[in-house]
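The values are calculated or read from the model by the stated rules, or taken from the named source; none is laboratory data. Please read these numbers as outputs of a predicted model, since none were measured by experiment. Neighbour counts are summed over all protein chains in view; Cβ atoms, including those assigned to glycine, are modelled from backbone coordinates with ideal geometry.
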Amino acid sequence: MTQRQVDKINKNGADQVQRPDPEVLPKAKRRNFTASYKLWVLEEADKCREQPGQIGALLRREGLYSSHLTTWGRQREAGQMNGLKPQKRGRKLDEESAEINQLRRENTRLTRQLTQAELIIEAQKKLSEILGITLEQPRDDARRGQR
């Protein structure tokens, strides 16, 4: 049924058809809970265990699932606060590979500086040739004396 047909039916007094809402719903965002909030919820859940139905009320009030309590309880038993801290996602880099990456970046930067300095020296040599200026060459004796 086309939209025109629906409009004609509505004008004729027949059953009105509800049009779907064209608004696009935003994408759900992953929730992150702090370690202190997790501990607070676990403490509240421990207090609620005395009366039936209280844990369900707590979960509804906080907008949580029972799996949150299970997971957080296991984390608390495994390592108290360590298990409750948010974990960094992605690959874990060890110190050695981080140092290697830093040294590679530094090497690349220094190589670029050296290339630029060589270009400048080459340009100075050509300019001095054109202008007829003689550049003083460092003597081998002076170089040997500095060692």
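Key figures
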item: The stretch 75-101: number of residues that are modelled with pLDDT of 90 or more and either aromatic (Phe, Trp, Tyr) or assigned to a loop (DSSP other than H, G, I, E, B) (or both); result: 0
item: Answer from GLU50, GLU23 - the residue that is at pLDDT below 85, at negative phi, assigned by TED's automatic domain parsing to the domain that holds ARG76 and part of a loop (DSSP other than H, G, I, E, B); result: GLU50
item: Verdict on TRP72 being in contact with a helix residue (DSSP H, G or I) (Cβ under 8 Å, 6 or more places away or on another chain), at pLDDT 85 or above and assigned to a helix (DSSP H, G or I); result: yes
item: Contacts under 9 angstrom Cβ, first residue in the stretch 45-69 being under 25 Å from ARG30 (Cβ atoms), partner part of a loop (DSSP other than H, G, I, E, B), 6 or more apart; result: ILE55/ARG49; LEU58/LEU64; LEU59/TYR65; GLY63/ARG31; LEU64/PHE33; HIS68/PHE33
